[in-house]
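Visitor: Structure in structure tokens, see below.
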Amino acid sequence: MSPKPEKSEKVCSHHKHKWRKRLRKMCIGLLIFNFVMLILILFVWAILQPRKPRFILQDVTVYAFNVSAPNFLTSSIGVTIFSRNRNHMIGVYYDKLNVYAAYQNQQITYSSGIPPAYQGHKDSNVWSPVLSGTNVPVAPYNTISFGQDQATGYLRLTIKMDGRVRFKVNTYLSRRYHLYVKVSRVY
């Protein structure tokens, strides 16, 4: 009997690193794609120059502000809010806006809704909601602070706006974003 020949593995050196070359090409392609996308985003941002709308609290009139025994507050406050869209090419849709007053981080009036509105390029809106609350429960330490502030004649209120907005560029309309505005003043 003749001896069986041993099997030898055939190894091609030029096929050995083929998968590494493909992986390297895919990584380079992904890096080039990401770089092009980054340049495109920066280019669009440079053209649009997006800015947040500016909100100014123009006037506050306190009609009623009474604290009754066991920590209940009845108030009626008229506010005038000025809003300006500072963008040249971006419009703002205010889909839902709620305004309320707070004292030392505690809400003291019920939310007052502002009707939906569109604010065009470099446009302004003025809203004048009346914020009120009848027998709103407040923390005991705030009841003491209310009394002290009323005795001095000054009241530090915070007017807050909370809602949803969308942005419009030509015909493109963005998804909804959360809007939160906080303005503090002494009255």
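Visitor: Arranged from highest to lowest average of other beta-carbon atoms within 10 Å per residue, in what order do the peptides 113-123, 95-105, 41-51 appear?
Guide: 95-105, 113-123, 41-51
Visitor: Let me ask something additional. For the chain, take N as its residue count and report Rg(C-alpha) divided by 2.2 N^0.38 Å.
Guide: That works out to 1.95 for the chain.
Visitor: Determine, from the Cβ-Cβ distance of Val130 and Gln150 and an R0 of 30 Å, the FRET efficiency 1/(1 + (r/R0)^6), rounded to the nearest 0.05.
Guide: 0.90
Visitor: Hey, can you grab everything whose amide H is under 5 Å from the amide H of Leu155? Only 5+ residues off in sequence or another chain; H modelled, so Pro and N-termini drop out.
Guide: Those lying under 5 Å, H to H, from Leu155 are Tyr187.
Visitor: When the chain is fully extended, how far beyond the present Cα-Cα distance does Ile47 get from Tyr180, taking 0.36 nm per residue of separation?
Guide: Here the segment from Ile47 to Tyr180 would lengthen by 45.3 nm.
Visitor: Moving on to the next point. Could you give the accessible area per residue of segment 51-187, probe 1.4 Å, as a whole number in Å²?
Guide: Per-residue accessible area for segment 51-187 comes out at 55 Å².
Visitor: Give a residue-ordered list of calculated ³J(HN,Hα) values for segment 63-73 (Karplus: 6.51 cos²θ - 1.76 cosθ + 1.60, θ = phi - 60°; whole Hz; x for Gly, Pro).
Guide: 7, 8, 7, 10, 9, 10, 4, x, 6, 10, 10
Visitor: Sorting check: for 125-134, 29-38, 163-172, which peptide has the highest mean count of neighbouring beta carbons within 10 Å, and how do the rest follow?
Guide: 125-134, 163-172, 29-38
Visitor: On the accessible surface of the chain, probed at 1.4 Å, how many percent belong to carbon and sulfur atoms?
Guide: Of all accessible area on the chain, carbon and sulfur atoms account for 59 percent.
Visitor: Give me the number: length gained by fully extending Leu38 to Leu23, i.e. 0.36 nm times residue separation minus the C-alpha to C-alpha distance, one decimal in nm.
Guide: Result: 3.1 nm gained on full extension.
The values are calculated or read from the model by the stated rules, or taken from the named source; none is laboratory data. The model shown is predicted, which means the values in this text are computed figures rather than measured ones. Note that each Cβ is placed from the backbone with ideal geometry, even for glycine, and that neighbours are counted across all protein chains shown. The area values use the complete protein model at the heavy-atom level, side chains included, leaving out ligands, DNA and RNA. Shrake-Rupley method; radii C 1.70, N 1.55, O 1.52, S 1.80 Å.
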